[in-house]
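The values are calculated or read from the model by the stated rules, or taken from the named source; none is laboratory data. Small disclaimer: the values here were computed from a predicted structure and weren't measured. Note: accessible area is taken over every heavy atom of the protein model, side chains too, but ligands, DNA and RNA are not part of it. Shrake-Rupley method; radii C 1.70, N 1.55, O 1.52, S 1.80 Å.
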Amino acid sequence: MNKNLGILCAVSSLPANHGIGDFGDSCYKLINWLSKHNYKYWQVLPINPVGPGYSPYMSTCSEALEARYISLDMLVKEGLLKRVPKFRPSAGKVDFQKVEQFKEKYLYSTLLIILVPLAWHLKQPYTITIFFPLLISSILKIINNHKDKKKMCLLILTIIVCSSLLLSSI
């Protein structure tokens, strides 16, 4: 009998150095552990931006990734940030507001570093036909759904980071 084993684990519950689980080293360690033990599935729960009450089930945008899940440690490894101090690494509960305040200054500084290579990619034919319409559509949805400029910028940064990662893997 072939069993398809899986787990249900929110990204926010993974151990991390910045107050919330993210797509950093612990995520890769979990995936490797699952593979080693013949697990086939990881149900991550919603990873879109949180809405009122920090609920991922009331998000205003289903196409973007929650900015808090961007790993600052991975941005350091990629050379996009120089150094980031630890912030609530052993927190038993996520304080979404404090995590957002801590991470946003590092994410904003990353934005400019990412925009230049992304602009070059946007000139490539495959990008214009495949990714550019998705990027523009997502940004327009965010602009239409958010009056809070700070949150809008974080969401746009998230889309740009994800798009940049997608483009660099092609």
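The table below gives the values:
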quantity: Residues of the stretch 60-101: accessible area per residue with a 1.4 Å probe, Å²; calculated: 60
quantity: Qualifying aspartates and glutamates (Cα of each under 13 Å from Cα of K77; at least 8 residues distant if same chain); calculated: D25
quantity: Set K3/K98; K29/K105; K29/K93; K36/K98 screened for pairs whose C-alpha atoms are more than 31 Å apart; calculated: K3/K98; K36/K98
quantity: Globularity ratio of the stretch 1-50, using Cα Rg and 2.2 N^0.38 Å; calculated: 1.24
quantity: Solvent-accessible area, 1.4 Å probe, carbon plus sulfur percent, for the stretch 3-44; calculated: 53
